[in-house]
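Take a look at the structure below.
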Amino acid sequence: MIEGTDNVSREAAAEAAASSNAATILPGATIGILGGGQLGRMLANAGSAMGYRFVALDPTPDAPMGQVADQIVAAYNDRDAARELAARSDVITYEFENVDADVAAMLMSESYVPQGSELLYTTQHRLREKRAIEAAGVQVAPYSEISSVEELREAVERFGTPCVLKTATGGYDGKGQWVIRDSSESDEAFATLSKAGTQLVLEQFIDFAMEISVIAARSSKGEIKAFPPAENIHVENILHLSIVPARLEDSVLREAERLAIRLAEGLGVVGLIAVEMFVTRDGELYVNELAPRPHNSGHYTMEACRTSQFEQHVRAVCGLPLGDTALLSPVVMVNVLGQHVEPLLERLAVRDEAAERLNVAPKVHLYGKKDAVYKRKMGHVNVLAESTEAALDWINETKIWKV
C-alpha cells in the first residue's frame with residue numbers, strides 16, 4: 001500500500017475483501033470451461049486426477065476436451081447454452097481469450113466466474129492490453145493507434161522500418177499482422193489489414209536477442225507464483241521450441257518473473273496469465289503480449305515442474321493453495337504440427353536408440369484433433385534431459401522437425 005494514496009488504499013481494501021470472500025471449490029465439484037480445445041483437454045486431465053468433474057462449451061462436435069469430459073455443443077455466444085453450462089458447473093473458467101466477453105459477463109451474474117470478464121475484455125484488444133500493461137508500470141514497445149492510412153504513414157516515418165502493423169482484435173500465430181520493411185508498403189498493409197474491420201496498432205520493431213515467456217498464477221485468495229521463464233523459438237510465426245532453463249543471465253530471468261508477478265497482481269488476475277517478452281541484447285525486457293489462460297509455452301511444466309500449469313490453473317480458480325513451481329529437469333518442448341504427426345507416430349512404434357544414447361525422455365502429448373492439417377498444432381513433445389543441449393540434439397536427430 002502506498003501511504004497517502006486513497007485510490008490505492010481503496011483498491012487494496014476491495015481486493016482484500018474479494019480475496020477473503022472467494023469460494024473454495026473442493027474436488028468432487030464440476031468445473032465448466034468456455035472452450036473445448038487442447039488447453040481445455042489438458043485442464044480436464046489435470047483436474048480429473050485431483051477429483052474434479054468437467055464440462056465444456058464448444059461449437060465443434062467431439063472437440064479435444066469433449067473426448068475426455070462432457071461437452072455442450074453450441075456457439076460461444078449462445079446464451080441458452082451458456083446458462084446450461086452455468087447450471088451444470090460449480091465454477092466456470094475459460095481456455096482461450098476469444099470467447100464472448102459479454103457471455104462471460106452474463107455468467108458472472110448467474111454463476112461463479114472468479115476470473116471475471118474485465119481481464120478478458122482487456123486482453124481481447126491489443127490497444128486496451130498495452131494501456132493496461134503500462135498502467136501496471138511495465139514497459140511495452142512504443143506503439144501508435146492507427147485509424148487511417150495517413151496516420152500509418154506518419155507513424156512509420158516516426159518509428160522507422162521495420163515495424164509491425166497489427167489488428168487490434170483477433171489474429172494468432174502470426175495472423176492479423178504485417179511486418180512493414182519499407183515505407184512504400186504502408187498503403188498496401190493498411191488496405192489489407194483494415195479489411196478486418198477493427199482498429200489497427202503499429203508497433204516499433206524491437207531488435208531483440210530472444211523471446212521469452214513467463215506463466216504466472218494468482219489464486220482467487222490472492223496468492224501468486226511464477227514458473228521459470230521459457231526461451232521461445234518461432235518458425236513462420238508459430239511457436240516451435242520452448243527451452244527451459246532459458247539461456248539468459250539469472251538476473252534477467254529473475255526480473256522477468258518479477259514483471260510477470262507484478263502484472264498478475266496489478267491486473268487482478270485469477271488463474272494463469274502468460275506474459276510474452278522481448279529481451280534486448282543488453283538484457284532489457286519489453287512485454288509483447290498477454291494471454292489470461294494456460295499457454296503453449298507453458299506445456300513444458302507438465303513433466304518438468306513439480307506442478308503443471310494446468311493443475312495450477314485449477315488450483316487458482318478453485319481457491320486452493322498454489323503448487324510448487326520448481327523445475328525438476330531441464331526440458332525442451334517442441335510443438336507437433338500436422339506434418340509432424342506421421343513421422344512421430346512411426347518413431348513411437350520402434351525402440352528409440354537416440355533417446356537411450358542421449359539419456360533423454362521424450363513425453364508425447366497428442367490432442368485428439370481429427371485431421372492432421374499442415375501447420376496446425378496437433379500436439380507437443382516434452383523432452384526431459386540432463387541438459388537442454390541433449391534435448392535439442394534428440395530433436396535434431398529425429399529429423400521430424402526439419403526446418
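The values are calculated or read from the model by the stated rules, or taken from the named source; none is laboratory data. Computed from a predicted model, the values in this text were never measured in an experiment. Backbone-built Cβ (ideal geometry, glycine too); neighbour counts: all protein chains shown.
Would you mind stating whether K225 is assigned to a strand (DSSP E or B) and basic (K, R)? The answer is yes for K225.
Taken across segment 105-121, residues that are assigned to a helix (DSSP H, G or I), modelled with pLDDT of 95 or more and closer than 22 Å to L267 by Cβ do not occur at all. Can you name the residue in segment 271-298 that is β-branched (V, I, T) and out of contact with any helix residue (DSSP H, G or I) (no Cβ under 6 Å at 6 or more places or on another chain) and is also farthest from V331 (Cα to Cα) among such residues? Here the answer is T280.
Among the residues of segment 309-324, is there at least one that is outside the structural domain of I92 (by TED's automatic domain parsing) and assigned to a strand (DSSP E or B)? No - not one qualifying residue is present in segment 309-324. Of L253, L263, L272, all but one fail to be outside any helix (DSSP H, G or I) and either surrounded by fewer than 22 Cβ atoms within 10 Å (Cβ to Cβ) or in the same structural domain as G379 (by TED's automatic domain parsing) (or both); the exception is L272. Going through (1) surrounded by fewer than 24 Cβ atoms within 10 Å (Cβ to Cβ); (2) at pLDDT 95 or above one by one, E289 falls short only on (2). Of the residues screened, G379 is one that is modelled with pLDDT of 95 or more, touching a Phe, Trp or Tyr at 6+ places or on another chain (Cβ under 9 Å) and within 22 Å of I243 (Cα to Cα).
In segment 66-92, the residues that are assigned to a loop (DSSP other than H, G, I, E, B) reach residues that are polar (S, T, N, Q) with C-beta atoms within less than 6 angstrom, at least six apart or across chains, in these pairs: S89/T30; D90/T30.
All of V317, V331, V336 fail the test of being surrounded by 24 or more Cβ atoms within 10 Å (Cβ to Cβ) and either under 21 Å from E236 (Cα atoms) or in contact with a helix residue (DSSP H, G or I) (Cβ under 7 Å, 6 or more places away or on another chain) (or both), apart from V331.
In segment 382-402, the qualifying residues are those that are part of a loop (DSSP other than H, G, I, E, B) and over 25 Å from G37 (Cβ atoms), and the one that is modelled with the lowest pLDDT is K402. Using the structure shown, decide if L290 is without any contact (Cβ under 8 Å) to a residue 60 or more places away in the chain, closer than 26 Å to A23 by Cβ and in a strand (DSSP E or B). No: the conditions fail for L290. Here is a check on your reading of the model: is R131 touching a residue at least 12 places away in the same chain (Cβ under 8 Å) and not β-branched (V, I, T)? No, not satisfied.
All of A372, A354, A361, A391 fail the test of being of a type in the set (G, A, S), touching a residue at least 24 places away in the same chain (Cβ under 8 Å) and crowded, with 20+ Cβ neighbours inside 10 Å, apart from A391.
Selection of segment 375-388 for residues being surrounded by fewer than 18 Cβ atoms within 10 Å (Cβ to Cβ) and touching a residue at least 40 places away in the same chain (Cβ under 8 Å) yields K375, E386, S387.
Given the criteria touching a residue at least 60 places away in the same chain (Cβ under 8 Å) and among the small types (G, A, S), does A230 qualify? Yes. Looking across segment 141-173 at every residue that is in a loop (DSSP other than H, G, I, E, B) and in contact with a strand residue (DSSP E or B) (Cβ under 7 Å, 6 or more places away or on another chain), the one that is modelled with the lowest pLDDT is identified as D173. Here is the figure for segment 195-214: residues that are in contact (Cβ under 8 Å) with a residue 24 or more places away in the chain, more than 14 Å from N288 (Cα to Cα) and either part of a loop (DSSP other than H, G, I, E, B) or within 14 Å of the chain's Cα centre (by Cα) (or both) total 2.
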